[in-house]
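Input: a single structure, listed below in structure tokens.
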Amino acid sequence: MAILRHWVVSIADRIEKYWSDERKPILVCNGGLSVSGLQHVGRLRGEIILVEAVRRVLEDRGWKTRHILVLYTQDPWKGKDAQLKVFKDANANRYIGWRLVDVPDPYGCCDNWVEHYWMDFGPYIKDFSEDVEVYTTTDLYRMDSMKKIIGEIIDRRRSVVEVLNKFRGRNPFPDSWMPFEPLCENCKRIDSSEAIHIDLDSYRVLYRCRFCGYEGVSSMENGKLYWRLEWPAIWKALDVGFEPYGKDHATPGGSRDSCIEIAREILRFKPPFGIPYEWVGYTVKGRDLGDMGSSDFIGFTPREWLMVAEPEVLRFYFLVNEPMKRVVLSLDQIYRYVDLYDRAERIFFDVESLDNKDELLLIKESYLLSTRFNPPPRLPFQLPYLHAVLLVQVLPVEDRVEAAIQRLKSTGILNYELESWEIDKLKVRLICADNWLKLCAPDEFKVKLLEYIPEDIARNLDDRDRYLLRILLDTLSVCVWSEQGIKDAMKSLTSKLSRSDQEKLFKSLYLILFGKPYGPRIAPFLSLMSRDVILSRLKSAVEYP
Ligand SMILES: [Zn+2]
Ligand SMILES: [Zn+2]
């Protein structure tokens, strides 16, 4: 039987094979993003986390690598409905066709559109991948290496048209077509002008604007290449050796194929090894809102993720799922991804077993990659996310970490002294859980233990309620005060009760604890509470008045 390899390792193998004939001294791994709106976490999948993992494997094998991220800031702003909507100004459609970097910040707090939307993504990249070098296409068009490549393309424009027309079906470019899109200095559009004459020596272009009719000369630094030429030009300028790309570019005869041919036939270099990846879906309260999308403003940002969960949880999630598999993320289910990560950690440290050998390897390697080959020395103390959610609601805000440790010890969940790195982890989890409650937790996760039983609730308990609470009190008085102990005790109690008595018991239990007929899963909650508080609460309900 073939030995399964992690898909990241397979990609690294394929890259090594691809470059075996002309090994690069430094392998440039490149990602690209258009800052057309919301910079969502889906964009971390291919361009950041996949690249970082592949780099780690290659560096482990002795390669030198760089991770570059290109922001397509020179692209025109499309003025999609969702983009228009973020402006209070009803005349925002006047920015259509402007370079993204020229569009104003709808909120007025930054210099422009790009800077505003980059704010929730750029500063957080380092939490998901180290040493990412960010370039904008606005920067690139000012670089001499890029200018030289543009010169090559202009000089060979007849052949360029020939190659491109192979991919354009019944809509070919005319022989006279100029592969450059100048900026109109009158209306600021970059998508509307026709280049009439290009002077490479002065690096200026004579153009006529189809939108406003203006005819003038502008610097080529402000314009851009037709996008199917821009991509291979960037490969060459940055000497890209590996690049993941969104699945929309992957279709045969699609944009990537034409870029590869331009690279080989016109610019005469070996194009990068590429790997396609799937989009990331977004759900809210169980409803699938479709794929995350920047210009449609669907999804949430890395900043929002880091408020509620550790970065390695997302790294693991994207690494354990193959790149062409559609995955879905939801802020209201964040605890599920954290649980998956914690389980992987237990499996990695052989504390939890798994019969399926392939799955075992996939999980162990994904975990190791998610720690950047730097796992903790042993299995850390794990506080399940939903336990953290309960804890932050029942503990005082002051000295919360200390109080949490005390509580976890007194309830038997923790039975050894934590090392400082474990305390740091615990602290982060408590902060995340607290943020999640405040920002995105569904109501059913919000609990508040009442100080005492409200008079009307106590009075309204009937004899049967009191009887059921009494046998619960008897059971809990003698059980082991741990989640498992409580769970087992309650199970053996409720298994002897009729369905309606079970419902009655839980309803009155929730009422005397929270004042509502529903609440969190009871065993984890009780196990985090002081035994005395719970038993005396039951006692006062049973003994009322
Ligand atoms: Zn702003
Ligand atoms: Zn114009």
> Between the DSSP loop rule and a limit of at most 16 other Cβ atoms within 10 Å, which GluC sites (Glu not before Pro) in the range 91-162 are left?
Replying inline: Glu130
>> Name the residue from Leu437, Tyr317, Thr138 whose Cα lies farthest towards the positive end of the charge dipole of the chain, charges +1 on Cβ of Lys and Arg and -1 on Cβ of Asp and Glu.
In response: Tyr317
> Hey, could you pull the Cα Rg and Dmax for the range 100-258, both in Å?
Replying inline: 17.4, 49
> What are the residues whose amide H is under 5 Å from the amide H of Val280, where those residues sit 5 or more places off or on another chain and H is modelled from the backbone?
Replying inline: Met292
> Can you give the three extents of the C-alpha atoms in the chain along their principal axes, from longest to shortest, in whole Å?
Replying inline: 95, 60, 43
>> Please list, by residue number, every one of the GluC sites (Glu not before Pro) in the range 450-545 that is coil in DSSP and has at most 13 other beta-carbon atoms within 10 Å.
In response: Glu451, Glu543
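Once a ≥ b ≥ c are taken as the square roots of the eigenvalues of the Cα gyration tensor of the range 270-410, is the result rounded (a/c under 1.5), prolate (a/b larger than b/c) or oblate (a/b not larger than b/c)?
On the way: a/c = 2.20, a/b = 1.30, b/c = 1.69.
Since a/c reaches 1.5 but b/c is at least a/b, the shape of the range 270-410 is classed as oblate.
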>> Quick check on the range 203-323: what does the Kirkwood estimate of hydrodynamic radius come out to from the alpha carbon pairs, in Å?
In response: 18.2 Å
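Based on DSSP H runs of at least 4 residues, each adding -39500 (n - 2.57), what is the mean residue ellipticity at 222 nm of the chain after dividing by all its residues, to the nearest 500 deg cm²/dmol?
Counting only the DSSP helices, I get -13000 deg cm²/dmol.
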> What fraction of the Cα pairs in the range 180-225, stated in percent, has a spacing above 14 angstrom?
Replying inline: 31 percent
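Could you order peptides 142-151, 297-306 by the average number of other Cβ atoms within 10 Å of their residues, highest first? Please list the in-between numbers first.
Numbers: 142-151: 16.3, 297-306: 20.1.
So the order, starting with the most tightly packed, is 297-306, 142-151.
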> Where the Cα atoms of the range 6-104 are projected onto their three principal axes, how long is each span, largest first, in whole Å?
Replying inline: 56, 25, 16
>> Which GluC sites (Glu not before Pro) in the range 5-62 sit in a loop by DSSP (not H, G, I, E or B) and have at most 10 other Cβ atoms within 10 Å of their own Cβ?
In response: Glu22
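Looking at the range 343-500 from every direction and averaging, what is the projected area of its Cα convex hull in nm²? Mind dumping the intermediate values first?
Values: hull surface 53.8 nm².
Its average projected convex-hull area is 13.5 nm².
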> What would the Debye formula give as log10 I(q)/I(0) at q = 0.13, 0.14 Å⁻¹ for the alpha-carbon point model of the range 380-446, no solvent?
Replying inline: -0.33, -0.38
> Kirkwood hydrodynamic radius of the range 409-476 from all distinct Cα pairs, in Å?
Replying inline: 16.2 Å
> Lys285: which lysines have alpha carbons under 21 Å from its alpha carbon, excluding same-chain residues fewer than 8 sequence positions away?
Replying inline: Lys438, Lys446
>> Suppose every Lys and Arg Cβ carries +1 and every Asp and Glu Cβ carries -1, with no other charges. What dipole size does the chain come out with about its Cα centre, to the nearest 20 debye?
In response: 900 debye
>> What percentages make up the Cα-Cα pair-distance distribution of the range 208-250 when the bins are 10 Å wide from 0?
In response: 19, 39, 22, 18, 1
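Every number here is computed from the coordinates shown, using simple stated rules; none is lab data. Here the structure is a predicted model, which means the values were calculated and not measured. Don't worry about glycine lacking a Cβ; one is built from the backbone with ideal geometry, like all the others, and counts go over all protein chains shown.
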